[in-house]
Amino acid sequence: MDGQNVLSVSVIWHHFTGAADFEVRASIISSENKTGRFDILPGHANFISVIYNSLILYTMEKKQDVYFFRRGIVEVSENSVKLFLEGKID
C-alpha cells in the first residue's frame with residue numbers, strides 16, 4: 001500500500017499510565033467523542049478531538065487491536081494520527 005492509503009499512528013500514554021508508547025501503521029481508527037462513534041480513514045480532514053473509552057486500530061495485517069482508557073486527545077493531520085491517552089483500563 002502506498003502512503004496515501006495508510007495512517008501513521010503514534011499512541012502516547014506512558015507519561016499518563018505507565019504503559020509503553022508505540023507506533024503502528026493502520027488502515028482505519030475508530031473511537032468516540034461526546035457526539036458519538038467515529039472513524040478516521042486515510043485522507044481524513046485535519047481534526048482534533050477529545051476522545052473517550054476505547055480505541056480500535058485496524059492494522060495493515062487485518063487485525064483489530066482494541067485499547068481501553070478513560071479519556072484522551074486525537075490529532076489528525078495529513079495521514080498522521082497522534083493519540084494521547086490517559087487512564088488505561090485493562
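The values are calculated or read from the model by the stated rules, or taken from the named source; none is laboratory data. This is a predicted model, so every value here is computed, not measured. Cβ: placed from backbone, ideal geometry, glycine included. Neighbour counts: every protein chain shown.
Summed over the stretch 22-36, residues that are touching a strand residue (DSSP E or B) at 6+ places or on another chain (Cβ under 7 Å) and farther than 15 Å from Gly72 by Cβ total 6.
Of all the residues in the stretch 54-68, those that are more than 14 Å from Ser10 (Cβ to Cβ) and in contact with a Phe, Trp or Tyr (Cβ under 7 Å, 6 or more places away or on another chain) number 2.
Take the residues of the stretch 37-87 that are basic (Lys, Arg) and out of contact with any Gly (no Cβ under 8 Å at 6 or more places or on another chain): which is farthest from Ala26 (Cα to Cα)? This residue is Arg37. Of everything in the stretch 31-88 that is among the basic types (Lys, Arg) and without any contact (Cβ under 8 Å) to a residue 24 or more places away in the chain, the residue that is farthest from Asn5 (Cα to Cα) is Arg70.
Take the residues of the stretch 79-90 that are surrounded by 11 or more Cβ atoms within 10 Å (Cβ to Cβ) and outside any strand (DSSP E or B): which is nearest to the chain's Cα centre (by Cα)? Among residues in the stretch 79-90 that are surrounded by 11 or more Cβ atoms within 10 Å (Cβ to Cβ) and outside any strand (DSSP E or B), the one nearest to the chain's Cα centre (by Cα) is Asn79. One residue stands out in the stretch 31-71 among those that are surrounded by fewer than 17 Cβ atoms within 10 Å (Cβ to Cβ) and hydroxyl-bearing (Ser, Thr, Tyr): the one that is modelled with the lowest pLDDT, namely Thr59.
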